[in-house]
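*Asks:* The structure under discussion is supplied below as structure tokens; questions concerning it will follow.
The values are calculated or read from the model by the stated rules, or taken from the named source; none is laboratory data. Since this is a predicted model, take the numbers as computed values, not measurements. Note: ideal-geometry Cβ built from the backbone for every residue, glycine included; neighbour counts use all protein chains shown. The accessibility values were calculated without ligands, DNA or RNA, using every heavy atom of the protein model including side chains. Shrake-Rupley method; radii C 1.70, N 1.55, O 1.52, S 1.80 Å.
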Amino acid sequence: MRIAGICSHEVAAVVMMLALGMPAGNLGAQSASYLNHDALTRELRSLVEGSSSASMRSLGTSHEGRDIWLVEIGNPTGAPLDSRPGLLIVGNLSGDHVIGSALALETIRFLLTGGDSTANPDSVLSERVVYVVPRLNPDGAEAMFASVRYDRRRNGRAFDDDNDGRIDEDPPRDLNGDGLITVMRVADPSGDYMIHPDDARLMRRADPSKGESGAYSIYIEGRDSDGDGWVSEDGPGGVDLDRNFQHAYPYWERDAGPYMVSEPESRALMDFVVAHRNIGAILTFGHSDNLVTPPDNRGKLADELALDLPAFAIASYDELWEKGIFDADQPGGFAGFGFGGGGGGLPRLRGAQPGRDNDPSAGRRPATTVNAADRTYFESVSRAYKEITGISRLGTNREAKGAFFQFGYFQYGVPSFSTAGWGLPARPAADDSTPPAARRRPARPPGGGGERARSGARPDASKRAGADSTVLTALDSAGIDAFVDWTPFSHPDLGAVEIGGFRPHAVVNPPAEDLPELGRAHGAFAVRLAGMLPRVRIVGTDVTNHGGGVFTVSVEIENTGYFPTALRHGVVSRSVQPTVVQIQVPPDAVLTGDDKTSRVQRLEGSGGREEVTWVISARAGTSVEIRVRSQKGGTATATVTLR
């Protein structure tokens, strides 16, 4: 076992356990509970200690000082791990998506315990390596385990949400003492919201064009702690890490960070990825999806067409934009900084845009859709994912702006995938007497909850309400207690209010008892995905003796993996190096034919082959080595004797 970053007292504890005959690790015990940072760390170490094929180290620390763990898995015999084709798995980029770290943990367990009858990881791990970062956002995830639970996607960066020169001074408060941060609805004839006509628990924005009138205002549970007239508008946390990366980075949006890869957590991940160019595919667990629904025939993701997040997130701080908190004439507003006022709305500053800031005809524009030649790989992986996990229908889905998996394809050039990792329970038939817990099965991944990530235009109100209803109906049908009923409360500032709404984390994360089965399914998928990575080998060599010390040497190489050694976009963006085939003779010994160091830009998968031929001058009987190195497909060597 190889473990980095373990304290001396923890090493001593392991030694004591071994001395007493106690197992240092329990590889087979699946976790049926969500784990805070300390518990997750212990479980990861336990898994690593029990296997010779795993190592663990910290990539760095978060804003609040928590380690960002990396687990590296591969059979230690054979080629060095960093020269093998690699699969990178990243979970829990958004703090509230704690299922991401749970699935990553169970995937590690699956790989280290030999899988099951549907997937055996041994052959994959003998030639490939799997890197797993279970929890990129440990600070945000801790909110799920706090004494007062609340949805928090953002990391631990201190941030001045309301631009008043004070930081995190107006957080949510658990006013009714139930241990949860939900929302407050206040009767208000000038409010924007009404009770949903189909379900009195739900709220929706009134539509005046349909004769509807608002009767309520909505607030996050809390008070106006800083006396600025706004309730709970400046709480803890600053950056949602899955909006902090380079592709389609959402400039000037508050949860995206001050600039790309601005956070210690995202920087730690980026440094690792840049240093490990052998990574040939990426899988993330997050709020965006391209596995249930792959890119369409235009190469666009479904999340560009679907809703952002349903209306159960209406109480997020985003609502304050629409209520004019940042009007030009408001104290503490953005007047003079180019944001403009006029009834709130979105900030106007953006990044460089074609036709406004630069000439759209000046050079190649950055790609924003999946290359047509690459779509078939995304479609094939999507079919495999749905077959293995049973998740086959797409629900609400966050637009992937600044998402890490998008960077993985558009900037890093490899097949890159994202999934919510679970689905809302299927609605049972009217005569189904099966207990609710037994009816649960992955069917439809949710879009999320908690802080609503801004996507630009606000989704249509009627559709948003429909999403709420769909989510709540599905959870009700499975016996999942996801909603806190509205109860009266005497607010010290607002007077009579009602507190209730969706429970924190209930829509984003499935019940804990579902984790072992979901983990097993995603472990099996990880084995399938790793097995698709390109893998180069030498399938044949040939030597022809022309006499006088002149020989023709030929080598045929093959890619036995499913993916090509470079996606078409990887070639276009020049982010993936060509496969190198080199004959080990002095440069002046190569008389004609291919270059001493030849390059194959793209070797197709599924048995794609390429032949390289040299005419060389050498002494008969000499042994000559031929080396093949593919950045994403590993290495191979062969030795020929000149006869």
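*Asks:* For region 485-525, name all the residues that are assigned to a helix (DSSP H, G or I) and either of a type outside the set (G, A, S) or closer than 18 Å to L35 by Cα (or both).
*Replies:* Residues of region 485-525 that are assigned to a helix (DSSP H, G or I), as a first pass: 512-525.
Passing the criteria: A512, E513, D514, L515, P516, E517, L518, G519, R520, H522, F525.
*Asks:* Then there is this: In this structure, does D271 turn out to be in contact (Cβ under 8 Å) with a residue 40 or more places away in the chain, open to solvent by 30 Å² or more (accessible area, probe 1.4 Å) and not in a loop (DSSP other than H, G, I, E, B)?
*Replies:* Numbers: in contact (Cβ under 8 Å) with a residue 40 or more places away in the chain: yes; open to solvent by 30 Å² or more (accessible area, probe 1.4 Å): yes; not in a loop (DSSP other than H, G, I, E, B): yes.
So D271 passes the test.
*Asks:* On the given criteria, is G179 crowded, with 24+ Cβ neighbours inside 10 Å, farther than 20 Å from A521 by Cα and out of contact with any Leu (no Cβ under 7 Å at 6 or more places or on another chain)?
*Replies:* Working: crowded, with 24+ Cβ neighbours inside 10 Å: no; farther than 20 Å from A521 by Cα: yes; out of contact with any Leu (no Cβ under 7 Å at 6 or more places or on another chain): yes.
Spelling it out, it is not the case that G179 is crowded, with 24+ Cβ neighbours inside 10 Å, farther than 20 Å from A521 by Cα and out of contact with any Leu (no Cβ under 7 Å at 6 or more places or on another chain).
*Asks:* If you scan region 27-74, which residues turn out to be surrounded by fewer than 22 Cβ atoms within 10 Å (Cβ to Cβ), in contact with a Phe, Trp or Tyr (Cβ under 7 Å, 6 or more places away or on another chain) and hydrophobic (A, V, I, L, M, F, W, C)?
*Replies:* Selection gives L59 alone.
*Asks:* Also, I was wondering about something else. Does region 182-213 hold any residues that are over 35 Å from the mean Cα position of the chain (by Cα) and open to solvent by less than 20 Å² (accessible area, probe 1.4 Å), and which are they?
*Replies:* V186, G191
*Asks:* Residues of region 137-160 being hydroxyl-bearing (S, T, Y) and modelled with pLDDT of 90 or more, which ones?
*Replies:* Looking only at region 137-160, we keep the residues that are hydroxyl-bearing (S, T, Y), and these are 147, 150.
S147, the sole residue that qualifies.
*Asks:* Limited to region 98-138, what total is found for residues that are under 19 Å from E43 (Cα atoms) and touching a residue at least 40 places away in the same chain (Cβ under 8 Å)?
*Replies:* Filtering region 98-138 down to residues under 19 Å from E43 (Cα atoms) leaves 98-115, 130-138.
Going one step further and asking which of them are touching a residue at least 40 places away in the same chain (Cβ under 8 Å), we end up with 98-113, 115, 130-138.
Total satisfying the criteria: 26.
*Asks:* Does any residue in region 139-150 that is over 9 Å from D96 (Cα atoms) come within less than 9 Å, Cβ to Cβ, of a residue that is of a type in the set (V, I, T) six or more places away or on a different chain, and which pairs are these?
*Replies:* Taking only residues 6 or more apart or on different chains, the pairs are F145/V98; V148/I181; R149/I181.
*Asks:* Residue by residue through region 75-100, note down the ones that are open to solvent by less than 10 Å² (accessible area, probe 1.4 Å) and more than 21 Å from V261 (Cα to Cα).
*Replies:* Kept after step one, since they are open to solvent by less than 10 Å² (accessible area, probe 1.4 Å), are these residues of region 75-100: 84-100.
If the condition is that a residue be open to solvent by less than 10 Å² (accessible area, probe 1.4 Å) and more than 21 Å from V261 (Cα to Cα), then R84, P85, G86, L87, V98, I99 are the ones that fit.
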